[in-house]
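Each remark here refers to the structure printed beneath this line.
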Amino acid sequence: MDDFLDDGIMGAGFTLEQILTDAVTSPYLDDSYYDLLRQDMAEWEAMGQPLSEAERASHEALILQENWLLDRRAYEKWLHLYSARCLYWIPAADGLPAPEVADPQHQVTIAFDDRRRLGDRIVWLRTGVASAQIPVSHTAHLSSGFVRVPTVREGEVKIRSSFLCHEIRAGHPVQVLSGWMGHVLVEEEGSWKIGRKLVCLLDAGRAHHNLTFLV
Amino acid sequence: MTRYQSIPTGLDGLVEEGRVHRSLYTDRAIFEREMTHLFGGTWTYLAHESELPEPDDFVQRRLGLRRVIVTRDGEGRLHGLLNRCTHRGATVCRQAEGKAKRFTCPYHNWSFANSGELRSVPLPRGYGPSFDRAKLGLGKIRVESYRGFVFGTLNQSLPPLQDHYGTALSILDEWLDRWPGAEIKLRRRTHRLICNGNWKLIYDNAADGYHPGFSHASLLRMRKARYGGGVDMQWTLGDVDAGLQTVADARNGCTFIDQRAEIARYWDQAAPMPGEEAYAAQIRARYPEVAERALDVVVGSGMNLNIFPNLLVIGNQLQVIEPLDVDRTDLIWYATALEAPNLPPEVNTLRMRLQEDFPSFGEPDDLANFEECQAGLSIPEMDWVHVGRHMDTGAEYDGPRGLTTGPVSDELPMRVFWTEWLKRMQSDDEMRAL
Ligand code: FES
Ligand SMILES: [Fe+2]
């Protein structure tokens, strides 16, 4: 499969060797970062505006590229879409989780990956010996309803969308995840990166069978 | 061929010294008996008091397959109620948790106090002299609580909780007393994992010191590749029996893995957690006197204490086994926080992050293996499951507290489990609601 993943077709990416030594400490998730997440949660509630042509070309395209790389299991390239101080967060509470039930500073989540833990996750998936990923999961992401949500934070763009994600592992029934996502995009070294990704599952409060793939 | 065979003529011959029959994991008739004779047939974990701290709080749980409500009445007393209207059987409570002085059945509005008594029925003139309201309260479970852990049973002949599980509860004391004066608080969000396997595969594993170096190869390899040696769980590699971990029989089906002797410094051997450097620096700067001890209680206890049949106290988590069918189980991981006036609150931010680690990188591999056990055990021509490791090597001894103790890969815990299992399944103790 790796043959298909050269930079020319699918964009720049890391190698697994680079990820091994990428971000092996976790210095940036501090009180002010958690404050930022509470502010995000309040802002996601607002009414959004459909994207302009220019926003579609940069922001929607970035999220669709993320979906494509995940569906191709091109995790090393996928990580390249993320900023240096990024977060991938799946609350363990339904809907638009209220702060008192979903504040990650006080609650566990389904996933709360800073850049280091994302690296761990990719290396873990690539060990080839994770029984939960033998056989591996394949996904098909479908996103729609992209809107830009206003934010007071300079230099950041908030994009909300709805998603469906089908997952299949040979020998197991199809799992369907759905809900909404929030992407906070930031500019880094002259291009847009994903600074924070929030995945709110419709059934986040229920039991799941094997969420060891990336949503 | 049917998938589930009916029960053999009894349980005789299914549990032998060192091996048990596969039907114990696959037979639905056995499963149904477990749901009355084990779950509710013995003291069974229901809830933690920190989940219902105030008067009139309640949580809805399962006791085996029974839907039950654990409540606090207006005076703060705990009750266990069967969630079943005494009129025509509907559940009276449909919420997972909340606050209620009364449970009013939505079907015909019979209304019950949160201590169970029937308080009112609509159009009461429809009932004549034979209608005895005092006999129509909700079914009540016998409940007792130990240091916040609420257990229930429908077996009226069992000794009190503290006598029955005295040994396990004394080990629980050590788990609870890592920071003197601190209280455990359950945080409301959980990891809820579905396993398409029999519930006992999970209990079997909870004191299985043989599997980690193999079943958790993905976690161990990832850690080594990213961080080198030294981080957590390195003691599970190689000849674990030459190491310092032990397993013990904690009596009446309870089992215990003690890893503490392998841990020189908890904080140094922690799994990586988001925010680690930021909060370690903040804790050291703000609370220099207690900082190092506080960082140590971020990290799991190094104890796996399993309280028969459904509570697994592992690391900083409480895992609760909820059987749903003979081949389907929910495993619920309740995260715990530790609260004390002199304990930095930042400790709990790190504890939340650390308690996401194993459900992400460890438990899923075990669950996959349990499901594959279930698949293998469905083969009718292969009868036995081997549980004889260290049974006759002379490695077991009388250890701390006078408990039978063995090297960590000893399958003693499984044999302990099956002994209690058989005793409960063969018991003719009467199960009765109060
Ligand atoms: S079934 Fe509950 S009031 Fe009729
Ligand atoms: Fe395990």
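A few notes on this one:
Okay, residues lined up against (1) surrounded by 13 or more Cβ atoms within 10 Å (Cβ to Cβ); (2) part of a loop (DSSP other than H, G, I, E, B):
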residue	(1), (2)
B:Gly80	yes, no
B:His108	yes, yes
B:Phe112	yes, no
B:Pro129	no, yes
B:Ala134	no, no
B:Arg142	yes, no
B:Gly152	yes, no
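- Only residues that are assigned to a helix (DSSP H, G or I) and under 16 Å from B:His390 (Cβ atoms) were counted across the stretch B:188-212, and they come to 1.
- Looking only at the stretch B:396-421, and only at residues there that are charged (D, E, K, R) and under 21 Å from B:Leu237 (Cα atoms), the one that is surrounded by the most Cβ atoms within 10 Å (Cβ to Cβ): B:Asp410
- The sole residue among A:Ala46, A:Ala111, A:Ala57 that is within 14 Å of another protein chain (Cβ to nearest Cβ) and of a type in the set (A, V, I, L, M) is A:Ala111.
- Restricting the stretch B:237-261 to residues that are of a type in the set (Val, Ile, Thr) and under 24 Å from B:Val320 (Cα atoms), the residue that is farthest from ligand 2 (Cβ to nearest atom): B:Thr246
- Residue match in the stretch A:55-64 (condition: under 23 Å from A:Val123 (Cα atoms) and surrounded by 19 or more Cβ atoms within 10 Å (Cβ to Cβ)): yes
- Meets criteria (away from ligand 1 (no atom under 16 Å from the Cβ) and touching a residue at least 24 places away in the same chain (Cβ under 8 Å)) for B:Asp12: no
- When the stretch B:353-369 is filtered for residues that are at the interface with chain A (Cβ under 8 Å from one of its Cβ atoms) and outside any helix (DSSP H, G or I), the ones remaining, listed by number, are B:Gln355, B:Glu356.
- Residue within the stretch A:67-90 that is under 25 Å from A:Thr212 (Cβ atoms), free of Cβ contacts under 8 Å to residues at least 60 places away in the same chain and of a type in the set (S, T, N, Q) present: no
- Where B:Asp357 falls short, out of the listed (1) away from ligand 2 (no atom under 16 Å from the Cβ); (2) touching a residue at least 12 places away in the same chain (Cβ under 8 Å): (1)
- Matching option when the condition is surrounded by fewer than 18 Cβ atoms within 10 Å (Cβ to Cβ) and away from chain A (no Cβ under 14 Å), among B:Leu237, B:Leu244: B:Leu244
- Single unsatisfied condition, A:Ile90 versus (1) surrounded by 18 or more Cβ atoms within 10 Å (Cβ to Cβ); (2) facing chain B (nearest Cβ under 9 Å); (3) farther than 19 Å from A:Gln18 by Cα: (2)
- Being free of Cβ contacts under 8 Å to residues at least 40 places away in the same chain and either assigned to a strand (DSSP E or B) or within 16 Å of ligand 2 (Cβ to nearest atom) (or both) holds for only one residue in B:Arg67, B:Arg94, B:Arg125, and it is B:Arg67.
- In the stretch B:301-320, the residues that are away from chain A (no Cβ under 14 Å) and surrounded by 22 or more Cβ atoms within 10 Å (Cβ to Cβ): B:Asn304, B:Leu305, B:Asn306, B:Ile307, B:Phe308, B:Pro309, B:Asn310, B:Leu311, B:Leu312, B:Val313
- Pairs with Cβ under 7 Å, 6+ apart, first in the stretch A:15-34 and more than 19 Å from A:Glu76 (Cα to Cα) and small (Gly, Ala, Ser), second at pLDDT 95 or above and surrounded by fewer than 17 Cβ atoms within 10 Å (Cβ to Cβ): A:Ser26/B:Glu277
- If you go through the stretch B:168-219 and keep only what is within 14 Å of another protein chain (Cβ to nearest Cβ), closer than 20 Å to B:Ala270 by Cβ and either more than 16 Å from the chain's Cα centre (by Cα) or more than 15 Å from ligand 2 (Cβ to nearest atom) (or both), you end up with B:Arg187, B:Pro212, B:Gly213, B:His216, B:Ser218, B:Leu219.
- Here the stretch B:321-349 is the region considered, the condition is being polar (S, T, N, Q), more than 9 Å from chain A (Cβ to nearest Cβ) and not in a loop (DSSP other than H, G, I, E, B), and the residue that is farthest from B:Phe149 (Cα to Cα) is B:Thr329.
The values are calculated or read from the model by the stated rules, or taken from the named source; none is laboratory data. Values in this document were obtained by computation on a predicted structure and should not be read as measured data. Virtual Cβ from ideal backbone geometry, glycine too; neighbours counted across all protein chains shown.
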